[in-house]
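A short worksheet on the structure shown next.
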Amino acid sequence: MDSHFASTGLVHVWQQGDWVTRSVALVLLVMSLATWIIIFWKALDQRAQRAQAKGIEGFWHSADFAEGLDKLGPTEGNPFRAVALEGREATRHILHKDGRSGTQLHDTLDVSDWVERSLRKSVDDFQARAQGGLSVLASVASTAPFVGLFGTVWGIYHALIGIGAAGQVSIDQVAGPIGEALIMTALGLVVAIPAVLGYNALLRGNKGVIHQLNRFAHDLHAYFVTGARVTAGGDGKVLPMKKA
């Protein structure tokens, strides 16, 4: 290792720092790891959800509901399939097609209202899951610069104590310790900037998926209540599907 880097860089800051400095560095490291893990995890989820959304048109051009579900893709983590299943079960339940005997309080509700509530619940559940992790990114983005700044203030404090104890003061004695203390502020920004950019990108991606999911739920609501999908022109036709 270069001797100059070892005596003036991050290694020297770690070696010469006290437990507070090292704790700040570890906190920033944990924040950075959490940020990148969440960004990659959520980005992969959104990529899969955008691929699943491509099956919507295939769903509407299926011969029956079961075939449509197959075209939507597997159940695991598929919000579009989950919404379709929720709507089907809600319709069967309110119309007593699930083998249930006797009446319940929700039987007095209108079929349209009951199906709409069930579909909305499924969409809201997905939205809550999609927001998971974003609060961590927001917290890291807002606190990491201050954590780094705290490390800088603490480092400058100890540097000034050391300079005062030395008696004689030169530019080298001042610039080195102060510069090393400022590294903590830079590290705070290095942690915060990816968190801000990742949060904004993932938020936009979630809005796009939720928008497609809401449109799909709207079409499902019309299908389960009226037996036909609502189209932009009002007179469009899709292949009839058997309600499974």
Amide N proximity, the range 22-37 versus Leu197 label position 7 Å along Cα-to-Cβ, cut-off under 16 Å: 32-33, 35-37
What order do you get for Tyr223, Tyr157 when you list them from fewest to most C-beta neighbours inside 10 Å? Tyr157, Tyr223
Virtual spin-label span in nm between Asp113 and Ala66, 7 Å along Cα→Cβ: 3.5
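FYI, it's all coordinate maths here, none of it is from the lab. Model, not experiment: these values are computed from the prediction. In this analysis, Cβ positions are derived from the backbone assuming ideal geometry, glycine residues included, and neighbour counts consider all displayed protein chains.
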